[in-house]
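The structure appears below as structure tokens.
Nothing in this text is a laboratory measurement; each read-out follows from the coordinates by a stated rule. Being a predicted model, the structure only gives us computed values, none of them experimental. Cβ placement follows ideal geometry from the backbone for every residue including glycine, while neighbour counts extend to all protein chains displayed.
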Amino acid sequence: MYKYENAWENCPHTVSRGAQKNFAAFASDIGKKWDKDEAHFNELYFKHAVARTIIFRTTEKMIMKQSWYGGGYRANIVVYTIAWLAEKVSRMKMAIDFLKIWEKQTISDIFYKALEDVSYQIQQIITDTPASISNVTEWCKKDGCWLKVKAFDMDLSKDFLTELIGIDEKNAIEKDAKKVQKVDDGITCQKMVLEIGPEKWKEISKFGILNKHLNEKDMSILQVAVKIPSRIPSESQCKYLE
């Protein structure tokens, strides 16, 4: 999964550096996003991840069928094709309709054709290495390779453009998904607190008092939990207890 995600996050050179470095970069990025807003990781995120995987694997298979493909550097062509397309669409203030791909579990013929056109150009670019570097695989690991690929531009078909969604629509969809996730997280948290039950909360309270682990806020919230079900802790109290 991290290979697919990093390709879409404009890091084809990182993906090309191998599984260990690729995973380290992915883990670092995920950690930052989680710390910033864990609600980002929701049902929509999962669907988008699946759609990205479908596009990536389709591109892998597609390249094998191309007349220009000579049998080498497939992994590099794939990841740079995906990254270039993501960058191009982003610059246009548009976005791939991942939800549509999720729903159909495949990409359209128009999308497939766009991948064919882009991948051919990418193959030409990454195999045209600088005089100082003869190894294409090593060249694809360099920041300079990605900068060269990003500098390339080509028009995407009008049919392909009609399949995209606007950046405002994308942001609105993601915002709604975060709201739903926060509600779901709140419900899950409250359910956990209720399932533990008042007797267990009494034990926790007693242990905390005897060992002087509880502050005033701890005691206040625990006094609510021990009275379940006559009193139900609020969502914020449940999160604190969690």
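Assorted remarks:
- Lys150-Lys206 pseudo-label distance in nm [points 7 Å out on the Cα-to-Cβ vector]: 6.2
- In loop segments of region 168-242 as defined by DSSP, the trypsin sites (Lys or Arg not before Pro) with at most 16 further C-beta atoms inside 10 Å of their C-beta are Lys212, Lys227, Arg231.
- With contacts taken as Cα pairs under 8 Å at a separation of at least 6 residues, the chain carries a relative contact order of 21 percent.
- Footprinting exposure proxy ranking of His40, His213, fewest other C-beta atoms within 10 angstrom first, gives His213, His40.
- Taken about its Cα centre, region 2-163 carries a charge dipole of roughly 280 debye when the Cβ of each Lys and Arg holds +1 and the Cβ of each Asp and Glu holds -1.
- Computed from the C-beta positions of Asp184 and Asp218 and an R0 of 41 Å, the FRET efficiency is 0.95 to the nearest 0.05.
- Residue with peak Gaussian network fluctuation, the chain [Cα springs, cutoff 10 Å], from Asn22, Asn211, Asn76: Asn211
- Here is how the number arises for the chain: DSSP H runs of 4 or more residues each give -39500 (n - 2.57), the sum is divided by the residue count, and the result at 222 nm is -22000 deg cm²/dmol.
- Length gained when the stretch Tyr69-Phe41 is fully extended (0.36 nm per residue, less Cα-Cα span): 6.4 nm
- Anisotropy class of region 44-156 from Cα gyration tensor, a/c 1.5 cut: prolate
- Mean Cα-pair separation over length for region 176-241, i.e. relative contact order, pairs under 8 Å, 6 or more apart, %: 44
- For region 146-184 versus region 206-242, the gap between their alpha-carbon centres in whole angstrom: 44
- Three-way shape call for the chain based on the alpha-carbon gyration tensor, with the a/c threshold at 1.5: prolate
- Selection from Ile107, His48, Ala75, by position along the positive dipole direction of region 28-145 (Cβ): Ile107
- Each Cα pair under 8 Å and six or more residues apart adds its separation to the average, and for region 52-176 the resulting relative contact order is 33 percent.
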